[in-house]
């Protein structure tokens, strides 16, 4: 009975943790992959691994472990995609999808002819941000999202990304510079 | 705080707010998919020690059950008392040379066969039986 009670307690804690983090994790995966279904699959794999392998760890460690797994899964997805793209290029398939992503920002020009509308501006900023984030190199994108969105410090981010603190600083600075440049008009 | 730092902080806050809003405004279908994934993942982690008949797959036990039933029927058919060869028993008793045992078996056969009950109630039958047994004794002695 005490074992069952411990399990129920852990079950509730894990449920609460995952419910809190799943939306952000999905959006991160979606920005990285540009595909809803792939993003859901990545989130599922991440949750599964966290629950199966690390649920006995302390609750305070779950966040770092979760993002570490998530980033690893996203990296795997990109590797698989690059192999697939190589096959495509061998078969001379046209790659319209990449062009579509690149042009997405250009398809949302700022409409300056109307009175400023906060909601519209926010919507435009969000669209621009999505596109700009998707265009960032993967490492810069991950570092930026972990630092700004999750509010993790440099050392925590370095631990998750399995790189040095100086690399985190460099990735972050470059990401910030690119994003500010691309979103300058939307601010 | 410099103007540059202030602008940077404003930008970061705006990015964070925008990203938070993108989670809040996720479509219903995606939210349901995420909830379903979470519940599925957590359910897999539940211990299976308690007997949960709802989770049992009874169909998986059908072949095993059929095999066990066939084996049981085979054993019953092969080793049923009706199928035991009477002549084998008789020969075994004769070979051993134990007349008492043979006589006992013969009597047992008579009692266990229902069609012979009428003959066993006839006194002439016992006279005939004694004669037969006596003649067999002479044959065995020779």
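The values are calculated or read from the model by the stated rules, or taken from the named source; none is laboratory data. All of these numbers come straight from a predicted model, not from anything done at the bench. Because the Cβ atoms are built from the backbone with ideal geometry, glycine has one as well, and the counts that use them run over all protein chains shown.
Restricting attention to the stretch A:123-142, report how many residues are crowded, with 20+ Cβ neighbours inside 10 Å, within 13 Å of another protein chain (Cβ to nearest Cβ) and farther than 12 Å from residue B:19 by Cα. Residues in the stretch A:123-142 being crowded, with 20+ Cβ neighbours inside 10 Å, within 13 Å of another protein chain (Cβ to nearest Cβ) and farther than 12 Å from residue B:19 by Cα: 4 in total. When restricted to residues that are surrounded by fewer than 16 Cβ atoms within 10 Å (Cβ to Cβ) and within 17 Å of the chain's Cα centre (by Cα), the stretch A:160-187 contains 1. Can you name the residue in the stretch A:167-187 that is in contact with a helix residue (DSSP H, G or I) (Cβ under 6 Å, 6 or more places away or on another chain) and within 15 Å of residue A:139 (Cβ to Cβ) and, of all such residues, is nearest to the other protein chains (Cβ to nearest Cβ)? Per the criteria, the residue is A:179.
Just name the residue that is farthest from the other protein chains (Cβ to nearest Cβ) out of those in the stretch B:1-20 that are exposed (fewer than 10 other Cβ atoms within 10 Å of the Cβ) and in a helix (DSSP H, G or I).
Looking only at the stretch B:1-20, we keep the residues that are exposed (fewer than 10 other Cβ atoms within 10 Å of the Cβ), and these are B:1-5.
Next cut, in a helix (DSSP H, G or I) only: B:3-5.
Numbers: B:3: 14, B:4: 11, B:5: 12 Å.
That would be B:3.
Kindly check whether there is at least one residue in the stretch A:146-166 that is within 14 Å of another protein chain (Cβ to nearest Cβ), touching a residue at least 40 places away in the same chain (Cβ under 8 Å), under 14 Å from residue A:31 (Cβ atoms) and not in a helix (DSSP H, G or I). For the stretch A:146-166, residues within 14 Å of another protein chain (Cβ to nearest Cβ), touching a residue at least 40 places away in the same chain (Cβ under 8 Å), under 14 Å from residue A:31 (Cβ atoms) and not in a helix (DSSP H, G or I): present.
Matching residues to (1) touching a helix residue (DSSP H, G or I) at 6+ places or on another chain (Cβ under 7 Å); (2) modelled with pLDDT of 90 or more; (3) outside any helix (DSSP H, G or I):
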residue	(1), (2), (3)
B:22	yes, yes, no
B:35	no, yes, no
B:43	no, no, no
B:47	yes, no, yes
B:51	no, no, yes
B:54	no, no, yes
B:59	no, no, no
B:68	no, yes, no
B:73	no, yes, no
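Scanning the stretch A:23-46 for residues that are surrounded by 21 or more Cβ atoms within 10 Å (Cβ to Cβ) and in contact (Cβ under 8 Å) with a residue 24 or more places away in the chain yields a total of 8.
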